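Worksheet: one structure, shown below.
The values are calculated or read from the model by the stated rules, or taken from the named source; none is laboratory data. Since the model is a prediction, treat every value here as computed from it, not as a measurement. FYI the Cβ positions are ideal-geometry reconstructions off the backbone, even for glycines, and counts take in every protein chain you see. All accessible areas refer to the heavy atoms of the entire protein, side chains included, with ligands and DNA or RNA removed. Shrake-Rupley method; radii C 1.70, N 1.55, O 1.52, S 1.80 Å.
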Amino acid sequence: MTDRSDVVGTVAGPGDDPNEFVFVTPSDKSIKTGEFITYTVSVEGEPRSVFARVTNRELIRGLPEGFLADPEVGPETVAATLGVPTDDTELYRLTATVIGYYDTNMTTFANPRQLPDPGTPLSIAPHQQLETVLPNLGCETDSTDVTTLDGVAHIGWLLNRPAEATNLHIPIEEFASTHLAILASTGSGKSYTASVLIEEMMRPSSRASLLVFDPHGEYDTLAEMQGEEAFQGADGYEPSIEYYDPERLRVRISELEIGDVMAILDNPSNRMQERLSTAWRAMQRQESRTWGIDELIAEMERIYGDDDASVGALEWRLRRSIERNDLFHPEENVPLDEIVDPGQCTVLQMDTLDQWDQQLITTVLLRRMYRERLDDVRDRDSDIEHPIFALFEEGHRFAPASGEAPSLGIMRTITSEGRKFGFGLGIISQRPSKIDQDVLSQCGTQISMQIKNPNDQDAIKNSVEAAGEDVLRELPGLTPGQAVVSGDAMNTPALIQVRQRRTPHGAGSRPVIEEWREAYDERQREPTQSESADFAEGDSTGVQSLD
Amino acid sequence: MHRSTTRRQYGDEAMTDTLADGDSPDLDSCVRIGSIVSSNSHLDYVAEVYKERDCDRPPELHEREFGQPVFIKKTVDGTEHAVMGVIYDTQLVDPDQGRTGPRLAQDDQAQFTPGYIEERTTLAGVALLGTAEIAEDGTIQEPTHQMPRWTLEVEDTVFHCPDQVTVSFHTVDDQIQLAYMDRLLDIAGDLGSEVIVALIDRLRGMLPEDDPNQRVLDVVEQNVQWQAREQRGMV
Ligand SMILES: Nc1ncnc2c1ncn2[C@@H]1O[C@H](COP(=O)(O)OP(=O)(O)O)[C@@H](O)[C@H]1O
Ligand SMILES: [Mg+2]
């Protein structure tokens, strides 16, 4: 029945768990943990390929450990001395967990509810089959050329296989509508992976409408997509990458909610709160949306009289916290039609704003966009008539577990309701344990990379149902660019190597040594002040060294 | 009897102490230790040690001690070979005590089951280790630790193996070898680890002190000792 030439091992018997079995392989069939293997069973009379994931590997026969007694004498030398053959001596016992067979009607895995019999031959699962069944692509056969599908993101390939051998294309629609989390320690490749996804989403076959909230200026190189042939469509499409610098990031005062204002003002008294709420509501009922602090204070004085002590105290606080902050403006705001458009990726550069201002601008923008999406879906006039996807670097700042951010409420709303309105969020964070649990658990697709901190590992475990223990075990050992992809975009989690970017990566750490040396050389070239005083032509060099 | 005449015939030849002789050992002039009297299996022989009246120069006690490498000459297909062996056990026989002649083995783990012996004598158990060709110049070549295919004969002479030959036999491609080890452990039974340790000790003494093979021998010895202790339930 089975051609034994591609057989890599033989089933020995059931394992500890109901879904586990044990098999044996010789050493030359080197199978790593995490590898996908397959065997055939008959399901209702039809032969089906069942997939299983290798979870453990142990040596059951090999050179005795006594041969390792002297570190300077190799075990193979001892073996040669004793005439023990060293080829093919090793025998491995591996444990595998059944994933299931690909049910073409359900387009996902179905459990055969029966372990393979002892003696069943096992093969390495073929590339194309895995490419079809691992991600949630809804294919109607179990072996499709997934590169021809629209709306898929080529994110990388299976880590256990050679580079680019078994490629993973994940469905963009899935992670863009049911939200995405990219979680890993600093330097593990979060921004890199996000950029890979942005590249994929901006290709002619997807033409996404993207927003990147970038507090560190890590996305400056995406612009190089423009002019690249790989991103150009036959109809003349080319992605447009817009940078929105901090000077253009404005919050129109009337767009703040009373809760935001309370948070901005430093600890107002109960009486102040009461006066401010009344006046704020009165202002919001007005026709005009372009009022400022002056108008607000005039309204308070109208209601409470112009010698009210609380109004006086409020005026002082409002002028200090809102009027003197350039972020707030009576009229100006960020025009939504400038920042969202199909085929456009807008990077909101927030690196010079303090964290508080970052949270406020984010809060207000998210609210406005959410309102527009709601209007669009409910057939009302809307400025945003297409789905949007917003990515957040430092996601824990905007949806903190501590609750201390004005943006938390709208983030919760969008992650729980956004899928109905075509508003997806991507949360990137190096501190998963500091992200609000509601927000994190609503992120349907997860890309987890190296994480060592046990609290953060627990946070992933608790919120990421789809990733099984065996996959999470891998997290501490991953190196930059290696990731576990799990959740809605996948039929089963997979360990991958994220592909290389087409655009250069802009978030590398600075070449510190190089910069020190350059700065030092620069210094050496400049004559010092005391030297210049010693020479006749001194007066001009003295000025130079000041800049 | 027949056997003793044969012995005398060998005893007529001149004999040199090769150990004292130094450089190139002459396989023809090695000390004769004894002659084969029986076998327990294809690899397990019994030799009767020569006494004063069997030859001109019977082996001295230290020349036929436990762990002494030996060889037996065999001409196969016109080429002279040395069948290499080691003394892994000894036994004294006094026919007057047993009258009907002893069966030396005490149980069915038979090691010595020599035939009828008339006089007081010392028997040595010789386990075969491998073979080598004897070259024109008297040195050995092409040593192999594979199981020897040929059988020895009753009355074959067992020679004392000089150190240089022992080293040559244990050196394959500059690498020390004791590939017969598992077979020897099997034949030598309870004394298996001791005979191997004795062989290793000898080899260590024969190799230069800075020879990298010294450390390999250490590891092998450790392994054998450890296994023996494990088998005896010590650890
Ligand atoms: N898929 C990848 N391929 C190649 N290099 C990568 C990959 N992912 C990350 N790297 C390397 O790791 C570095 C850190 O990645 P980055 O995305 O900036 O980390 P993070 O955002 O998690 O702090 C990058 O500068 C890059 O050199
Ligand atoms: Mg980063």
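Quick rundown of the values:
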{"item": "Members of the stretch A:465-504 found to be more than 22 Å from residue A:35 (Cβ to Cβ) and more than 13 Å from ligand 1 (Cβ to nearest atom), listed by number", "result": "A:465, A:488"}
{"item": "Leading residue by the ranking (nearest to the other protein chains (Cβ to nearest Cβ)) among those in the stretch B:179-225 that are open to solvent by less than 50 Å² (accessible area, probe 1.4 Å) and of a type in the set (S, T, N, Q)", "result": "B:223"}
{"item": "Subset of the stretch A:75-99 that is open to solvent by less than 20 Å² (accessible area, probe 1.4 Å) and among the small types (Gly, Ala, Ser) - its residue that is farthest from the other protein chains (Cβ to nearest Cβ)", "result": "A:96"}
{"item": "Residue pairs meeting the criteria (Cβ under 6 Å; at least 6 apart or on separate chains; first farther than 12 Å from residue A:154 by Cα, in the stretch A:184-213; second within 12 Å of ligand 2 (Cβ to nearest atom) and of a type in the set (Phe, Trp, Tyr))", "result": "A:212/A:219; A:213/A:392"}
{"item": "Qualifying residue in the stretch A:423-442 (condition: within 26 Å of residue A:341 (Cβ to Cβ), of a type in the set (Val, Ile, Thr) and out of contact with any Cys (no Cβ under 7 Å at 6 or more places or on another chain))", "result": "yes"}
{"item": "Qualifying residue in the stretch A:387-395 (condition: open to solvent by 40 Å² or more (accessible area, probe 1.4 Å) and closer than 20 Å to residue A:346 by Cα)", "result": "yes"}
{"item": "Which listed residue is in contact with a Gly (Cβ under 7 Å, 6 or more places away or on another chain) and modelled with pLDDT under 90, from B:27, B:19", "result": "B:27"}
{"item": "Some residue of the stretch A:308-327 being among the aromatic types (Phe, Trp, Tyr) and open to solvent by less than 80 Å² (accessible area, probe 1.4 Å)", "result": "no"}
{"item": "Hey, residue A:238 away from ligand 2 (no atom under 16 Å from the Cβ) and either at pLDDT below 90 or not assigned by TED's automatic domain parsing to the domain that holds residue A:358 (or both) or not", "result": "no"}
{"item": "Pair list, Cβ < 9 Å and 6+ apart or interchain, from the stretch A:129-141 residues that are charged (D, E, K, R) to residues that are assigned to a loop (DSSP other than H, G, I, E, B)", "result": "A:131/A:137; A:131/A:143; A:131/A:144; A:131/A:145; A:131/A:166; A:140/A:104; A:140/A:105; A:140/A:107"}
{"item": "Search result, residues across the stretch A:241-287 that are over 23 Å from residue A:325 (Cβ atoms) and out of contact with any helix residue (DSSP H, G or I) (no Cβ under 9 Å at 6 or more places or on another chain)", "result": "A:270, A:285, A:287"}
{"item": "Close pairs from the stretch A:47-74: first within 14 Å of chain B (Cβ to nearest Cβ) and free of Cβ contacts under 8 Å to residues at least 40 places away in the same chain, partner open to solvent by 70 Å² or more (accessible area, probe 1.4 Å) and of a type in the set (D, E, K, R), Cβ under 7 Å, at least 6 apart", "result": "A:70/B:215; A:72/B:215; A:73/B:215"}
{"item": "Residue match in the stretch A:194-206 (condition: in contact with an Asp or Glu (Cβ under 8 Å, 6 or more places away or on another chain), surrounded by 18 or more Cβ atoms within 10 Å (Cβ to Cβ) and closer than 26 Å to residue A:290 by Cα)", "result": "no"}
{"item": "Search result, residues across the stretch A:447-461 that are more than 16 Å from ligand 2 (Cβ to nearest atom) and open to solvent by 10 Å² or more (accessible area, probe 1.4 Å)", "result": "A:452, A:453, A:454, A:455, A:457, A:458, A:461"}
{"item": "Count of the stretch A:149-163 residues which are open to solvent by 40 Å² or more (accessible area, probe 1.4 Å) and either within 16 Å of ligand 1 (Cβ to nearest atom) or of a type outside the set (Asp, Glu) (or both)", "result": "4"}
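Residues checked against (1) polar (S, T, N, Q); (2) within 16 Å of ligand 1 (Cβ to nearest atom); (3) under 30 Å from residue A:459 (Cα atoms); (4) assigned by TED's automatic domain parsing to the domain that holds residue A:257:
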| position | (1), (2), (3), (4) |
| --- | --- |
| A:321 | yes, no, no, yes |
| A:333 | yes, no, no, no |
| A:367 | no, no, yes, no |
| A:376 | no, no, no, no |
| A:396 | no, yes, yes, no |
| A:403 | no, no, yes, no |
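Residue-wise test of (1) within 15 Å of ligand 1 (Cβ to nearest atom); (2) under 22 Å from the mean Cα position of the chain (by Cα); (3) open to solvent by 40 Å² or more (accessible area, probe 1.4 Å); (4) closer than 29 Å to residue A:208 by Cβ.
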position	(1), (2), (3), (4)
A:102	no, no, no, yes
A:131	no, yes, no, yes
A:138	no, no, no, yes
A:147	no, no, yes, yes
A:165	no, no, no, yes
A:175	no, yes, no, yes
A:185	yes, yes, no, yes
A:190	yes, yes, no, yes
